[in-house]
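First comes the structure, then the notes that go with it.
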Amino acid sequence: MAVRIRLSRGGSKKRPYYHIVAADQRAPRDGRFIEKLGSYNPLLPLDNEARLVVDKEKVSAWLAKGAQPTDRLQKLFANLGLCSAPKMHDQPKKSAPKAKALERIKEKEAKAAAAAEAANSASEAE
């Protein structure tokens, strides 16, 4: 049985409130869970203590047993020093400039360098 530490949504429409739970990964998001580990209220300001309430001992025990936190919880736990931060990619390959766009960028840079050279040589000639 693979155990995940994840968020279980509560609260009303457009007013989210999450419980942090340890659950079997096959269980539904808001369904059966093994143990409740804390709560997360994203509507509160970042500096508010009630935004993230976690039982650190229980979380570290589950992590030691091999439970995997979701990406969002891994970020939150990294801020508390419970685990390492997830690896974040700066720019996905899909949105990187393609070959033609790279050629156009190089041409622009070459034209700008040539214009700057011409301006420098004109100012030196005077």
Discussion item. So for each of 36-42, 95-101 I average, over its residues, the number of other beta carbons within 10 Å; can you give me the resulting order with the highest mean first?
Written reply: 36-42, 95-101
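Taking the Cα centre of segment 6-126 as the origin, how large is its charge dipole in debye, to the nearest 20, when only Lys and Arg (+1) and Asp and Glu (-1) carry charge on their Cβ atoms?
1040
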Worksheet, complete the sentence: Given the candidates Tyr18, Pro28, Ala101, the one whose Cα lies deepest towards the positive end of the charge dipole of the chain, counting +1 at each Lys or Arg C-beta and -1 at each Asp or Glu C-beta, is Pro28
Practice prompt. Per residue of segment 21-32, in order, report the coupling 6.51 cos²θ - 1.76 cosθ + 1.60 (Karplus, θ = phi - 60°) as ³J(HN,Hα) in whole Hz, putting x for Gly and Pro.
Written response: 10, 9, 9, 5, 5, 7, 6, x, 3, 9, x, 5
Fill in: Angstrom value of the Kirkwood radius, inverse mean 1/r, which spans all Cα pairs in the chain
18.7
Worksheet item: If you count, for each residue, the other Cβ atoms within 10 Å and average over each peptide, how do 5-11, 113-119, 75-81 line up from highest to lowest?
Response: 5-11, 75-81, 113-119
Worksheet item: At what distance in angstrom do the alpha carbon centres of segment 1-50 and segment 55-110 lie from each other?
Response: 21
Item to complete: Give the relative contact order (percent, whole number) for segment 3-80; include only Cα pairs under 8 Å separated by 6+ residues.
Response: 29
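Could you give the dipole magnitude of segment 66-126 about its Cα centre, charging the beta-carbon of Lys and Arg +1 and that of Asp and Glu -1, in debye to the nearest 20?
660
None of the figures in this text is laboratory data; all of them are computed from the coordinates on show. Quantities reported herein were computed from a predicted structural model and do not represent experimental measurements. With ideal geometry, Cβ positions are generated from the backbone for all residues, glycine too; neighbour counts draw on all protein chains shown.
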